[in-house]
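Structure first, commentary second.
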Amino acid sequence: MKDSEDRLEQGGTRWRRFAAMMVPATAVAGAIVFGMANGAIAASFAVSGQTFKVGASKLEGTGFKQYGGFVKEKDGTAHPVAVSEIADAKLYDLCQSVKIPDLPIVLTINAGGGGNPATAKGLLIDMDSLGGDAEFKNIKIGRDATDLNEGATAKSFGQSADSVTITDLEQVARSTSAAIFTLNGLKLKVNVGAAAKECF
């Protein structure tokens, strides 16, 4: 991940539904938006400009960190995101889908079924939103983001937890990367017409 460069003027940015920070407290939501407005984490690659959906019956992770940031397209278009880092993750019944714009075509990837989860080490997700039922252990909310990632903007909002479990995960993301991503039982399919359905 590259260090942040310039802060972006937010102007009339419209924030999308933001369950992404995974904290079910209204009081925390304001701090989350503030942290994103002040964060400037740059992804290590240009994003496509499309979002994709990721679903799982359960995500289990350790070494959880979260803070606000931005990703950029090749033309410089920037998107505010919630950046989530998970040191080690297990994803049960993983589904990922990408819809081709203006066409009845959806690419789906399935893995981690039959009790044999997909696994990831050094998982990094830049997301627009996230839903599900979450449980955190030893969570710390309101940390300085630079204590979680040195590329973050000082005094911007961050949070961390020893572990996280999310059931019925529904996530809309702009990018995902990992040091190692193991997809047990991988199935990739191009779905057309009536069968072109996303994960959720």
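The values are calculated or read from the model by the stated rules, or taken from the named source; none is laboratory data. Every value quoted in this text rests on a predicted model; they were computed, and no experiment measured them. Glycine also receives a Cβ, built like all others from the backbone with ideal geometry; neighbour counts cover every protein chain displayed. Surface accessibility is based on the protein's heavy atoms, side chains included, excluding ligands, DNA and RNA. Shrake-Rupley method; radii C 1.70, N 1.55, O 1.52, S 1.80 Å.
Residue count for the range 116-149, restricted to those that are acidic (D, E) and under 20 Å from A178 (Cβ atoms): 2.
Considering (1) open to solvent by 60 Å² or more (accessible area, probe 1.4 Å); (2) assigned to a strand (DSSP E or B), the lone condition that F136 does not fulfil carries the number (1).
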